[in-house]
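What follows is one structure encoded as structure tokens, with my remarks underneath.
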């Protein structure tokens with residue numbers, strides 16, 4: 001039951017008790033009727049007086065407007081006093097900073113992270129951020145924006161020293177046999193291809209026709225030996241195969257000739273300025289032609305779809321590891337406390353002067369009725385105890401006065 005109901009019920013009891021006691025006293029009830037009549041009457045007067053005083057704070061009791069409805073009539077002054085008290089005393093900079101200095105922010109953060117689901121919320125936030133970043137990356141646009149810079153950087157690099165160093169390495173540190181043998185499979189495939197075979201056949205026909213000329217003896221000689229164009233091509237392929245076998249074994253006349261030629265080329269190209277210029281021109285041309293947009297997009301899509309869960313797992317592990325380390329590292333905790341205290345201190349210094357304005361703005365938004373309702377909801381219940389106490393004190397006082405009057409009367413008689 002609300003305290004106001006209790007106070008009103010007590011006041012009604014006092015009124016009824018006073019009426020009953022007075023009637024009883026009028027019929028000759030004696031000492032006890034007089035004591036109760038004075039007690040109930042004083043309690044009624046005290047309760048009514050306090051009811052009037054409490055009600056006068058919030059509204060006009062019995063329609064009396066003189067010195068009542070205190071909150072509405074003195075709103076401006078009360079608001080000013082409230083703002084001055086709150087900003088200058090209750091929320092003064094000294095009180096705020098003393099409160100902050102006694103707080104252990106790191107321990108509060110640890111409790112939140114380890115016991116109140118903070119780590120899970122932080123992990124969910126980080127995972128959502130990672131997913132958003134992965135989904136929002138436009139790798140094609142990113143590659144297009146970086147391509148000019150990459151080309152400029154690569155174009156400014158002089159690769160001639162690299163080529164010279166590579167040639168020197170090939171000439172002095174790597175066996176020529178390995179280098180030549182690396183190209184043999186491709187060379188065999190090229191020679192066996194129809195384009196090279198047709199080219200060889202055409203040259204054989206041209207050479208044979210030039211050799212025969214107008215001589216029937218030479219033509220008869222080819223016919224007698226059965227050296228058709230196809231037979232000559234087969235013999236040529238056999239010689240080529242024998243030469244490639246020498247290169248593969250790393251021995252034989254052809255091997256010696258190719259090895260010597262390769263060494264001469266590597267040595268001469270290091271000093272050949274035209275060779276260096278050609279390399280630079282080739283590099284610039286290739287850089288202009290390079291367009292890896294489709295390849296980059298395919299690689300990114302495959303990599304993103306395949307490794308997204310792995311990224312999320314690593315994100316979770318990273319956050320959980322940092323939380324565990326933070327809970328154990330006192331150095332980290334001290335740094336967090338120092339940082340947060342300094343942060344809040346700067347915030348207080350920067351915005352403390354806005355506290356009066358904030359309070360004034362908030363109170364200013366309330367109408368008179370809203371302000372009265374707000375104040376009454378906060379303190380009215382306590383103020384009702386004033387009425388209860390007024391009735392109790394009035395009753396005790398009335399009975400004491402009656403006892404004094406009674407004793408004086410008895411002594412006088």
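Values computed for the structure shown
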item: Counted residues, segment 65-102 - those being exposed (fewer than 14 other Cβ atoms within 10 Å of the Cβ), out of contact with any helix residue (DSSP H, G or I) (no Cβ under 8 Å at 6 or more places or on another chain) and not in a helix (DSSP H, G or I); result: 4
item: Search result, residues across segment 126-152 that are exposed (fewer than 10 other Cβ atoms within 10 Å of the Cβ) and farther than 19 Å from residue 301 by Cα; result: 148, 149
item: Matching residues, segment 332-381, being surrounded by 14 or more Cβ atoms within 10 Å (Cβ to Cβ), within 22 Å of residue 84 (Cβ to Cβ) and touching a residue at least 24 places away in the same chain (Cβ under 8 Å); result: 348, 352, 355, 356, 359, 360, 363, 371, 372, 375
item: Failed item in (1) more than 30 Å from residue 370 (Cα to Cα); (2) touching a residue at least 24 places away in the same chain (Cβ under 8 Å); (3) surrounded by fewer than 16 Cβ atoms within 10 Å (Cβ to Cβ), with residue 59 passing the rest; result: (1)
item: Answer residue from segment 163-196, given it is more than 30 Å from residue 277 (Cβ to Cβ) and surrounded by 13 or more Cβ atoms within 10 Å (Cβ to Cβ) and is modelled with the lowest pLDDT among those; result: 177
item: Lone qualifier among 127, 120 - being assigned to a helix (DSSP H, G or I), at pLDDT 85 or above, farther than 30 Å from residue 374 by Cβ and out of contact with any helix residue (DSSP H, G or I) (no Cβ under 8 Å at 6 or more places or on another chain); result: 120
item: Filtered residue count, segment 279-289, keeping only those that are under 19 Å from residue 145 (Cβ atoms) and either surrounded by 11 or more Cβ atoms within 10 Å (Cβ to Cβ) or touching a strand residue (DSSP E or B) at 6+ places or on another chain (Cβ under 6 Å) (or both); result: 1
item: Some residue of segment 314-331 being under 28 Å from residue 75 (Cβ atoms), surrounded by 15 or more Cβ atoms within 10 Å (Cβ to Cβ) and touching a residue at least 24 places away in the same chain (Cβ under 8 Å); result: no
item: In segment 11-44, the residues that are in contact (Cβ under 8 Å) with a residue 60 or more places away in the chain and either within 60 Å of the chain's Cα centre (by Cα) or surrounded by fewer than 18 Cβ atoms within 10 Å (Cβ to Cβ) (or both); result: 31
item: Of residues in segment 389-409 being surrounded by fewer than 17 Cβ atoms within 10 Å (Cβ to Cβ) and in contact (Cβ under 8 Å) with a residue 12 or more places away in the chain, the one farthest from residue 79 (Cα to Cα); result: 406
item: Residue satisfying all of: in segment 131-157; within 30 Å of the chain's Cα centre (by Cα) and assigned to a loop (DSSP other than H, G, I, E, B); farthest from residue 295 (Cα to Cα) among these; result: 137
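The values are calculated or read from the model by the stated rules, or taken from the named source; none is laboratory data. Keep in mind it's a predicted model, so treat the numbers as computed, not measured. Every residue, glycine as well, gets a Cβ built from its backbone with ideal geometry; the counts of neighbours run over all protein chains shown.
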